[in-house]
Structure formats: structure tokens, C-alpha cells
1. Filter segment 59-80 for residues that are touching a residue at least 60 places away in the same chain (Cβ under 8 Å) and open to solvent by 20 Å² or more (accessible area, probe 1.4 Å); which is nearest to the ligand (Cβ to nearest atom)?
2. Which of the numbered conditions does residue 122 fail, given that it passes all the others? Conditions: (1) open to solvent by 20 Å² or more (accessible area, probe 1.4 Å); (2) in a loop (DSSP other than H, G, I, E, B); (3) touching a residue at least 12 places away in the same chain (Cβ under 8 Å).
3. Here are some residues: 153, 168. Which one is closer than 19 Å to residue 61 by Cβ, away from the ligand (no atom under 12 Å from the Cβ), modelled with pLDDT of 95 or more and of a type in the set (Ser, Thr, Tyr)?
4. Got a number for residues in segment 139-150 being within 11 Å of the ligand (Cβ to nearest atom) and open to solvent by 30 Å² or more (accessible area, probe 1.4 Å)?
5. If you take the residues in segment 85-117 that are near the ligand (Cβ under 8 Å from one of its atoms) and in a strand (DSSP E or B), which one is nearest to residue 65 (Cα to Cα)?
6. Cβ-Cβ under 7 Å, sequence separation 6+ or interchain: first residue in segment 85-106 and within 22 Å of residue 177 (Cβ to Cβ), partner hydroxyl-bearing (Ser, Thr, Tyr) and more than 6 Å from the ligand (Cβ to nearest atom). Which pairs?
7. Determine, yes or no, whether residue 20 is open to solvent by less than 70 Å² (accessible area, probe 1.4 Å), part of a helix (DSSP H, G or I) and not hydroxyl-bearing (Ser, Thr, Tyr).
8. Kindly indicate which of 122, 127 is away from the ligand (no atom under 16 Å from the Cβ), touching a strand residue (DSSP E or B) at 6+ places or on another chain (Cβ under 7 Å) and hydrophobic (A, V, I, L, M, F, W, C).
Amino acid sequence: MTEIVPVTGPELVTYADELAALLVETVEGGSSVGFLAPLDRGAAADWWRGRAALVEAGAHQIWIARDDERVAGTIGLVRTALPNARHRAEVAELMVRPSARGQGVGRALLAAVERSAAAEGLSLLVLDTETGSLAEELCRSAGWTACGSIPAYAGDPSGALKATTFYYRVIGPPAGLASQWKGTSHDRGEHA
Ligand SMILES: CC(C)(COP(=O)(O)OP(=O)(O)OC[C@H]1O[C@@H](n2cnc3c(N)ncnc32)[C@H](O)[C@@H]1OP(=O)(O)O)[C@@H](O)C(=O)NCCC(=O)NCCS
């Protein structure tokens, strides 16, 4: 059985090696998730550990899907700290272990993020993905709206520039900006 749980900053550090394995496998499989191949596993683990402070600050939320205590997939939600954009967030780092794909894990991760974001009062989610990727099938079938593609937007793992399609999903009535996450002290200009 697969369960989906949010992770805290310290838990992210604990899971960093497993998440690094997932990220490396995803990049080696040719998926465009922000990294170039070959991706060193240690560097990938460092990247995950580097998110821990952002997770603790509430700027970056991360969920993992676990089956038999292993990480089967992950998804992130990056909050927007700009004062006029606190009603929205960006879905990021959606990836499922190749051996766990095609069993509904990706759909469940996306749904979990949508539920959580709606419960927190967010009204709009956005994401982008390589044009023609399987993630597009998932987005469309999960009710997301494509709003356009930009050619040569991002490199695939081999470094070849590929088109990216941008999606959005309205997950609740616009609730205004007042009640949302207020950003970090850095975002507010409260520098130490
Ligand atoms: C995209 C990804 C997360 C989907 O995860 P998954 O667990 O395999 O997806 P699911 O089993 O939940 O499938 C959800 C929907 O996606 C589509 N889909 C998934 N795999 C598919 C395939 N091989 N062929 C066609 N459609 C597919 C279908 O619409 C499917 O719904 P259905 O099963 O009701 O037909 C996974 O393929 C992945 O990790 N890809 C590499 C990383 C990546 O591209 N991330 C996206 C960055 S935004």
C-alpha cells in the first residue's frame, strides 16, 4: 500500500539519500526535472538536504509517497512570497520511481498537493512540464488547463533544449491575499 505524507525539514534530511536515488533514476531515464545527466548521487542528496531550511520556513513543501517504507515518489509545492501572489503556488519535483509508475502514485501525489493547498486557502496552482511528456497526460486528465508552450525553454538531461508547456488549476475561490503564508523574513526585507 502506498501512503503519501508531508515531510518536515529534518525528515527531508533523513530521506535525502532515497530521494537522491529517485532523482538520479528520473534524470537517467531522460525526464526533464531541472537537472543534467550524469547527476552525481551525492550532489543530488546535497540538493535535497539544501531544501530543508526552506521546508522549515514554509517556503517549500514536500510530500513523499512510501510503499513498504521506500520512497516511491515525491512532489513539491513552492510558495510565492511576493505580496501580491500569496494565493498561488507552483507544483514542482513531481517524480515517481520507474518501477512504481502506472499505478496511480503520480495522480495521488498531485491530488494530495491540491487538497493541502486548498485547505491552506490557496486558490491557484501552476506547473510546467516538458511538452509531450507523460506528465502532460496526467495534468490534462487531472483537470489542469494548458495555457501555452514556449519553445526551447529548458534543457532535457542531455542538454538539448525542449519546449515546455505551462498549466494552471483553480483549486478554490479567490480568497484574497491577507490570510496566506507571509513569506520569510528575508522576503519581507527584514534582514538580520
Ligand atoms: C509523470 C509521472 C509523475 C506520472 O507518474 P505515475 O505514477 O506513473 O502516474 P499515474 O500512474 O498516477 O498515472 C496518471 C495518469 O498519467 C497518465 N499516464 C501515466 N503514465 C502513462 C503512460 N505510460 N502512458 C500514457 N499515459 C500515462 C495517464 O493519464 C494516467 O491516468 P490513467 O492511469 O487513469 O490513464 C511519472 O511518469 C514520472 O515520474 N515521470 C518522470 C518525471 C516527470 O516527468 N515529472 C514531471 C515533471 S512536471
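1. 67
2. (1)
3. Going through 153, 168 in turn, the sole match is 168.
4. Of segment 139-150, the ones within 11 Å of the ligand (Cβ to nearest atom) are 139-142, 144.
So of that shortlist, the ones also open to solvent by 30 Å² or more (accessible area, probe 1.4 Å) come out as 140-141.
Summing the residues that are within 11 Å of the ligand (Cβ to nearest atom) and open to solvent by 30 Å² or more (accessible area, probe 1.4 Å) in segment 139-150 gives 2.
5. Top of the filtered list is 96.
6. Between residues of segment 85-106 that are within 22 Å of residue 177 (Cβ to Cβ) and residues that are hydroxyl-bearing (Ser, Thr, Tyr) and more than 6 Å from the ligand (Cβ to nearest atom), the close pairs are 86/80; 87/123; 88/80; 89/80.
7. Values: open to solvent by less than 70 Å² (accessible area, probe 1.4 Å): yes; part of a helix (DSSP H, G or I): yes; not hydroxyl-bearing (Ser, Thr, Tyr): yes.
Yes: the conditions hold for residue 20.
8. Values: 127 fails: away from the ligand (no atom under 16 Å from the Cβ).
122 is the lone residue from the list that is away from the ligand (no atom under 16 Å from the Cβ), touching a strand residue (DSSP E or B) at 6+ places or on another chain (Cβ under 7 Å) and hydrophobic (A, V, I, L, M, F, W, C).
The values are calculated or read from the model by the stated rules, or taken from the named source; none is laboratory data. What you see is a predicted model; the values in this text were computed from it and never measured. For neighbour counting, all protein chains shown are included, and Cβ atoms are generated from backbone atoms with ideal geometry for every residue, glycine included. Each accessible area value is taken on the protein alone, full model and side chains, heavy atoms only, with ligands, DNA and RNA left out. Shrake-Rupley method; radii C 1.70, N 1.55, O 1.52, S 1.80 Å.
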